[in-house]
Protein chains: 2
Amino acid sequence: MEYIDKLRNSGLRPTKQRLQICEVLFNTEKTFHFTINELKKRIKEKTHNKISLATVYNTVHAFEKKGYLKQIPINSNQTYFDTNITDHHHFYDLNDQKLIDLENSDVGPINIKKKIDGKRIKSVEVLVKLED
Amino acid sequence: MEYIDKLRNSGLRPTKQRLQICEVLFNTEKTFHFTINELKKRIKEKTHNKISLATVYNTVHAFEKKGYLKQIPINSNQTYFDTNITDHHHFYDLNDQKLIDLENSDVGPINIKKKIDGKRIKSVEVLVKLED
DNA sequence: CACTTATTTAGAACCATTATAAACTACAGT
DNA sequence: ACTGTAGTTTATAATGGTTCTAAATAAGTG
Ligand SMILES: [Mn+2]
Ligand SMILES: [Mn+2]
Ligand SMILES: [Zn+2]
Ligand SMILES: [Zn+2]
């Protein structure tokens, strides 16, 4: 019910597939980071239901456009998404290839002194690479 | 001569191809950001000599491993490299898809308060996204 | 129910990157 | 200078994540 409204209010039809993806993405205690393939696996595990790869891509991109998901800038052959859409930062563990959230309070204020004419700042993201 | 020593000291044989790539990458006033395909184009323009795509990839990865190039973490279908290997940060212009350097002094000190057991910080990189 | 439009889907296409393996080259040892 | 070996280059194929296509299905509207 909750997700039906969320989708309707976003101009997205509340299909069976989208509702199942909402359950996996948003019906959790903690936020998390994922790739498309990891999400596809989670969907199958949690819902015992196969959603086509194209639909997973379509839905994730639709949710990203609506602001329900964020992409994480990182060097990887796969795109990483985040269900934590608050302003925050990341550790990236180079050995385990795992992302860990860094709250704004863990980083302190960042004051960008340089200005570019005619452009405004949309986001400021910090990536802290870790190794053993 | 300069580059021959640089390569020899790194355990890389100073081949014709590697020396030409060194000229394009390092014999410039300013540092710059590039993708593999942009670099391949620059090589052909500057040296009037075709180097195979595989060699461009091989060489860029060899130079990255030796610390002569850095990869820039960014969400793009292509990998971006940087000839500026100092610690620094980036603006990313979402409209023009262009990278602009942000010196450390433009950002101020970043104090990461959170610690992860058994891991140490290898790098701290800030990405500031810009829009019109 | 009838109709329109959105969505899902399997599969193909795309394209950056990596792997392969044969030809070539640098270079150390003789 | 010749030889042998390991390193390098190269064209080309393979890989794999992502996007595209177009036909089938489902949702919303009256
Ligand atoms: Mn996207
Ligand atoms: Mn690399
Ligand atoms: Zn996060
Ligand atoms: Zn830079």
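Computed from the coordinates by the stated procedures, all read-outs in this text should not be read as laboratory data. Predicted, not measured: the structure shown is a model, and the values here were computed from it. Ideal geometry is used to build each Cβ from the backbone, glycine not excepted, and the neighbour counts take in all protein chains shown.
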In this structure, the FRET efficiency calculated for B:Gln78 and A:Lys30 from their beta-carbon separation, with R0 = 35 Å, to the nearest 0.05, is 0.60
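What's the exposure ranking of A:Thr79, A:Thr59, going from fewest to most Cβ atoms within 10 Å?
Details: A:Thr79 17, A:Thr59 23.
The fewest-first ordering by Cβ neighbours comes to A:Thr79, A:Thr59.
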Could you work out the per residue convex hull volume over the alpha carbons of chain A, in cubic angstrom?
156 Å³
Determine the shielding of peptide A:95-102 by partner chains: average, over its residues, the number of Cβ atoms on other chains within 10 angstrom of each Cβ.
1
Pairwise label distance in nanometres, B:Ile116 with A:Asn58, each label 7 Å out on the Cα-Cβ vector:
3.6 nm
Exposure proxy ranking, count of Cβ atoms within 10 Å, fewest first, for A:Glu45, A:Glu23:
A:Glu45, A:Glu23
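Quick one: Kirkwood hydrodynamic radius for the protein assembly as shown, alpha-carbon pairs, angstrom, one decimal?
21.0 Å
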What is the set of long-range amide H partners of B:Phe32 at a cut-off below 5 Å, with H atoms built 1.01 Å from backbone N?
B:Thr83, B:Asn84
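Enter the mean number of other protein chain beta carbons within 10 Å of the beta carbon of each residue in B:68-76, as an integer. It would help to have the intermediate numbers written out before the result.
Values: counts 0, 0, 0, 1, 2, 10, 4, 8, 2.
Taking the mean over all residues of the peptide, I get 3.
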Using modelled backbone amide H atoms (1.01 Å from N, in-plane), which distant-in-sequence or interchain residues come within less than 5 Å of A:Leu102's amide H?
A:His89, A:His90, A:Phe91
Counting DSSP beta bridges in region A:36-132, what percent are antiparallel, to the nearest 5?
65 percent
Could you work out how far apart the two model spin labels at A:Asn37 and B:Ile4 are, taking each label as a point 7 Å from the Cα in the direction of the beta carbon, and quote it in nm?
4.6 nm
For region B:115-124, take each phi angle, set θ = phi - 60°, evaluate the Karplus expression 6.51 cos²θ - 1.76 cosθ + 1.60, and give the result in whole Hz per residue in order, putting x for glycine and proline.
10, 10, 4, x, 10, 10, 6, 9, 7, 10
